[in-house]
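The values are calculated or read from the model by the stated rules, or taken from the named source; none is laboratory data. Remember, it's a predicted structure, so these values are computed and weren't measured experimentally. Heads up, the Cβs are rebuilt from the backbone with ideal geometry, glycines too, and the neighbour counts pull from every protein chain shown.
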Amino acid sequence: MKTKYIFSALGVIFLACTALKTESVNKSIETDWELLLDKDLSKWDIFMGVPHYSVELEGYEKGNGMKGTPIGLGKDPLNVFSVKEMDGEQVLHITGQIYAGLSTKSEFENYHFSTEFKWGTKQWEPRLEDKRDSGILYHCQEPHGQFWNVWMKAPEMQVQESDCGDFHPLAGVAMDIRASKVDENGKELWAYDPNGEIKTFKSGPGGRCKKSINYEKPNDEWNLLELICIGDKAYHIVNGKVVMVLENSVQFDEEGTPTSLTKGKIQIQSEAAEVFYKNLKIAKVDKLPKAFAKQLR
């Protein structure tokens, strides 16, 4: 009987220690992450681009969405960006009605950015018949409006139907990617291939590089997007899968001289499609987490 009590006591102690350890780990994880979303978007700046001719909005110059005079910084007359509650969670709602950017007030370097997103139902001109589109720009360099009079100079992790994780260099940046040629509907493109040749993708024609594999979920489900930047390298991750590894991030000045690009703001695009983001958070890192490093061996 005494032995039974001893084992029972040991069991209680073990469970208590396990619970404390788990609580400690959870607290550590929570304190490592900086939460970026609140109801007032207090950690973000809004820059509104050029309203399309089809947009019902008085008092502002209109254009094709890319050319013309942007509405500008700190102005959102149609409430393109807002925070709503969905299923008890704070969610960033982007209507997509005007090309625009939501950028962090702070710059970041050596970080792990994470968010979940899903598509809404609304689409707008000039992409009414195109794939739903958004995007996460990183290492963003001011001023605003360097690309299509709305977005900053930056590498882009594409957020677009069937293309999440693709790379687009905006307004004078470049990165090196191992890639191979692939056929997409009769069109020859470059796609990330860990065994492919190293190729430089820079702003301008041919600057896009496709991700390796499509890991996206159906449009009405939440997708997990992660972006890890360490030094001049970046990792695009979709639903836990590394879909692209990029390195040698540079930006070009007006004379075309490259300089290393390892830090900047993060900007989320409004690009003619309704989209929702939640659980936006960021953490400092100095190496690739093991779960992702294993995928690259």
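Run down S249, S212 and say which single residue is surrounded by 14 or more Cβ atoms within 10 Å (Cβ to Cβ), within 27 Å of E109 (Cα to Cα) and at pLDDT below 95. If you could, list the steps in order and put the result at the bottom.
Values: S249 fails: at pLDDT below 95.
Being surrounded by 14 or more Cβ atoms within 10 Å (Cβ to Cβ), within 27 Å of E109 (Cα to Cα) and at pLDDT below 95 holds for just one of S249, S212, which is S212.
Right, Y192: of a type in the set (S, T, Y), surrounded by 13 or more Cβ atoms within 10 Å (Cβ to Cβ), in contact with a Leu (Cβ under 6 Å, 6 or more places away or on another chain) and over 16 Å from Y111 (Cα atoms) or not?
Details: of a type in the set (S, T, Y): yes; surrounded by 13 or more Cβ atoms within 10 Å (Cβ to Cβ): yes; in contact with a Leu (Cβ under 6 Å, 6 or more places away or on another chain): no; over 16 Å from Y111 (Cα atoms): yes.
Considered against the rule, which asks whether it is of a type in the set (S, T, Y), surrounded by 13 or more Cβ atoms within 10 Å (Cβ to Cβ), in contact with a Leu (Cβ under 6 Å, 6 or more places away or on another chain) and over 16 Å from Y111 (Cα atoms), Y192 comes out as no.
Provide a single number: the residues in segment 41-65 that are farther than 20 Å from I266 by Cα and out of contact with any Gly (no Cβ under 8 Å at 6 or more places or on another chain).
Within segment 41-65, the subset farther than 20 Å from I266 by Cα is 50-65.
Subset that is out of contact with any Gly (no Cβ under 8 Å at 6 or more places or on another chain): 54-60, 63-64.
Number satisfying all stated conditions: 9.
So if I check each of L41, L37, which one is at positive phi, in contact (Cβ under 8 Å) with a residue 40 or more places away in the chain and not hydroxyl-bearing (S, T, Y)?
On the way: L37 fails: at positive phi.
Just one listed residue meets the conditions, L41.
Does T121 meet the test of being more than 21 Å from G231 (Cβ to Cβ), modelled with pLDDT of 95 or more, buried (at least 23 other Cβ atoms within 10 Å of the Cβ) and not hydrophobic (A, V, I, L, M, F, W, C)? Break it down into steps so the answer makes sense when it comes.
On the way: more than 21 Å from G231 (Cβ to Cβ): yes; modelled with pLDDT of 95 or more: yes; buried (at least 23 other Cβ atoms within 10 Å of the Cβ): no; not hydrophobic (A, V, I, L, M, F, W, C): yes.
No; evaluated as a whole, the condition is false for this residue.
Filter segment 137-185 for residues that are within 15 Å of the chain's Cα centre (by Cα) and of a type in the set (V, I, T) and give the result.
Hit for segment 137-185 is V159, nothing else.
For segment 44-96, what are the residues that are of a type in the set (V, I, T) and touching a residue at least 40 places away in the same chain (Cβ under 8 Å)?
We begin by selecting, within segment 44-96, every residue of a type in the set (V, I, T); these are 46, 50, 55, 69, 71, 80, 83, 91, 94-95.
Listed by number, the residues that qualify are I46, V50, V55, T69, V80, V83, V91, I94, T95.
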